[in-house]
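Below is one structure, written out as structure tokens; the observations come after it.
The values are calculated or read from the model by the stated rules, or taken from the named source; none is laboratory data. Source: prediction; values computed, not measured. Glycine gets a Cβ as well: all are built from the backbone with ideal geometry, and neighbour counts include every protein chain shown.
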Amino acid sequence: MQKQLIYVHDPMCSWCWGFEPTRRKLFAAIAGKMPIRRLVGGLAPDSDEPMPASMQNMLQQTWQRIEHMIPGTRFNYQFWDKCKPRRSTYPANRAVIAAREQGEDFDPLMTARIQQAYYLEASNPSDNSTLVELAAEIGLDVERFSGLLVSETLQQRLLAEIRQTRVMGIDSFPSLVVEKAGVIHPVELNYNDAQAMLQQIEAV
């Protein structure tokens, strides 16, 4: 009976960043037992508008809550002074898909590099210039990546991937589901215990 684990995320989702250490443990435990599919969910559409101060404050409070709830998670708060924040994660989502075009292994590599740049290095992955620099750092063909990043083809692929996640009933990130024989089984997230999620997946 066909089954796969589907992970839906956004590389600029702060809860996804907090989930990373536990997610890696979970995926390592599942490797070779079940296919794992990664999808981007598109948290915030393209925008050139500066992020309102109220939202900046809300997100900083979210970072503090994550640091409290998920021990070991770190954020670089210099981002809020160094960069010009925009509520725009679609560029980073497109970057992950564009990286995936050059090999499936580049999907998690690009995601991780975006997260590190955003949360630890106070760089802004809402900017295409930042994403191109990160692509070069992980060994992508930069010319190919840059052309695809701003193409209408890639935008349509992103929108299709977002629709796919919504059809599965997913609109928050990170999310994990097991698809078995066409039926979606949500996995309750545990940000600190991979074993608890593994037991749910094995039960399915």
- Look at segment 162-183 and say how many of its residues are surrounded by fewer than 18 Cβ atoms within 10 Å (Cβ to Cβ) and outside any loop (DSSP other than H, G, I, E, B). 7
- Message: Suppose we filter segment 11-44 for residues that are more than 14 Å from the chain's Cα centre (by Cα), in contact (Cβ under 8 Å) with a residue 24 or more places away in the chain and in a loop (DSSP other than H, G, I, E, B); how many remain?
- Response: 2
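Would it be correct to say that Pro35 is surrounded by fewer than 20 Cβ atoms within 10 Å (Cβ to Cβ) and under 22 Å from Gln164 (Cα atoms)?
Taking the combined requirement at face value, the residue satisfies it.
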- Has segment 172-190 got any residue that is at pLDDT 95 or above, of a type in the set (Asp, Glu) and more than 24 Å from Tyr90 (Cα to Cα)? yes
- Item | Residue, nearest to the chain's Cα centre (by Cα), within segment 68-104, restricted to residues that are charged (D, E, K, R) and surrounded by 15 or more Cβ atoms within 10 Å (Cβ to Cβ) | Arg94
- Task: Scan segment 139-158 and give yes if some residue there is loosely packed, with under 14 Cβ neighbours inside 10 Å, under 22 Å from Phe75 (Cα atoms) and not aliphatic (A, V, I, L, M), otherwise no.
- Result: no
- Query: Scanning segment 1-21 for residues that are over 26 Å from Ser126 (Cβ atoms) and out of contact with any strand residue (DSSP E or B) (no Cβ under 6 Å at 6 or more places or on another chain), which turns out surrounded by the most Cβ atoms within 10 Å (Cβ to Cβ)?
  - Reply: Gln2
- Query: Taking segment 41-94, which residues are in contact with a Ser or Thr (Cβ under 6 Å, 6 or more places away or on another chain) and either within 20 Å of Leu131 (Cβ to Cβ) or among the basic types (Lys, Arg) (or both)?
  - Reply: Gly41, Leu43, Ala44, Asp46, Ser47, Arg86, Arg87, Ser88, Pro91
- Determine, yes or no, whether Arg74 is basic (Lys, Arg), modelled with pLDDT of 95 or more and not in a helix (DSSP H, G or I). yes
- Reported set for segment 82-132 where residues are free of Cβ contacts under 8 Å to residues at least 12 places away in the same chain, farther than 14 Å from Leu149 by Cβ and assigned to a helix (DSSP H, G or I) is Gln116
- Message: Looking at segment 151-175, I want the residues that are free of Cβ contacts under 8 Å to residues at least 60 places away in the same chain and have a partner that is outside any helix (DSSP H, G or I) and surrounded by 11 or more Cβ atoms within 10 Å (Cβ to Cβ) with Cβ atoms under 7 Å, at least 6 apart or on another chain. Which pairs are those?
- Response: Gly169/Ile184
